[in-house]
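All of the numbers you see were taken from the coordinates with simple rules; none came from a lab. These numbers were taken from a predicted model, which means no experiment stands behind them. For neighbour counting, all protein chains shown are included, and Cβ atoms are generated from backbone atoms with ideal geometry for every residue, glycine included.
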Amino acid sequence: MSYLIWLSRVALLGLVGTATSAILLFSTGTKENIDSNQVIALTQENIQTWKSRVASPPTPTAQLSTQKQFEDEIQVPERHFDLNQSLSLNSSLFATSTSLGMVAIGVAEGNYRLFIEDGTLYLEQTPGYFGHTDPGNLSWGEVVTNYGPCSDQGRSGGNIAKAEQMCSQRSLGGLSRQLVDLNAVGIDPNGDLEALLNTADLYNQAKLIHSRKFPEALALARQGGKTGIEAIAWARTASFYINEYQEFDLQQGENKASGLLGICVRENLPITEWQCVYKDQLRRAQAIASVLDKYRQISSI
């Protein structure tokens, strides 16, 4: 049995806008047998707002090559930032299990598959959505069954509706801190949607400290000349290097990605710790980029 959630093109564009809803059509069979649950029309203004938010961030002009140079020389541009306004703009990213932010996390986790067919964007729940053993937890001998879009660490007890709700609630719970952290290093969380979604995904995947350090690492990567997915994957990997003072530190820090490192050991992969973590972080960054790319494609049809 396939589990398809059909997202209409127009409604999909409104998922990241404020005060908007989606047209959701659910199916437990073929796409031809889809039944409508609710239909809500969106305005052209909503669509234009969404299109402006998925624009790629500007290419950095400064060229800094080391962490020390970054810390000593970077100047965060002055920009008015209102947390309440930013929360109002971005909370809808994680409002439901089919909101853009949750779709991005679900695809990165391997629990969603997003695809375009005949001009329509489809969201499919993979078998992992309904229960799979977390490979990272096995690294310290713990068997945990994940459910829902975010791989909920078993918190829902297998209740899918509860897992969906808890995934959204947890993502929303971390949003304020993520918005502030990105802004603090000069990354506009309201304009750089890809950076925000990767911060949220890292918060979902790992301990809080790593999503807290990711914005700093991303600013360093971009100031050093890295761009796009390369900068994001590098920064996600670098965020796992933490020193004894709980600081982001590539020179003296220890790689704290114990779950991922354990997977590489179990699979006997002949790679370094950096390569082990980078391999996974690149995959997740590419998954999130593919989600945004499909949203862009559907907006141009």
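Separation of the range 99-167 and the range 235-250 by C-alpha centroid, Å?
27
List, largest first, the extents of the alpha carbons of the range 135-194 along their principal axes, each in whole Å.
Per principal axis, max minus min of the Cα coordinates gives 40, 28, 16 Å.
Using a 10 Å cut-off on Cβ atoms, rank the peptides 97-110, 261-274 from the highest mean neighbour count down.
My ranking of the peptides, most packed first, is 97-110, 261-274.
Rounded to a whole number of µm²/s, how large is the Stokes-Einstein D of the range 207-301 at 10 °C and 1.306 mPa s, given Rh as the Kirkwood radius over C-alpha pairs?
The estimated diffusion coefficient comes to 111 µm²/s.
Would you mind estimating how fast the range 76-202 diffuses translationally, via Stokes-Einstein at 10 °C and 1.306 mPa s with the Kirkwood radius over Cα pairs, in µm²/s?
102
Under a point spin-label approximation (7 Å from Cα along Cα-to-Cβ), what is the residue 209-residue 91 distance to one decimal in nm?
For the pair residue 209/residue 91, the computed spacing is 3.1 nm.
Pop the C-beta distance of residue 279 and residue 83 into the FRET formula with R0 = 35 Å and round what comes out to the nearest 0.05.
Calculated transfer efficiency: 0.50.
Relative to the compact globular guide of 2.2 N^0.38 Å, what is the alpha carbon radius of gyration of the range 170-231, as a ratio?
Relative to the 2.2 N^0.38 Å estimate, the range 170-231 comes out at 1.02.
Given the peptides 231-242, 127-138, 189-200, arrange them by the average over their residues of other C-beta atoms within 10 Å, most packed first.
231-242, 189-200, 127-138
For q = 0.15, 0.22, 0.25, 0.28 Å⁻¹, what log10 I(q)/I(0) does the range 97-153 give under the Debye formula with an equal point scatterer on each alpha carbon and no solvent?
Each listed q corresponds, in turn, to -0.45, -0.79, -0.93, -1.06.
From the residues 261, 185, 172, which one has its Cα farthest along the dipole of the range 145-301 in the positive direction, the dipole being from +1 and -1 charges on Cβ of Lys/Arg and Asp/Glu about the Cα centre?
The one lying farthest along the dipole's positive direction is 172.
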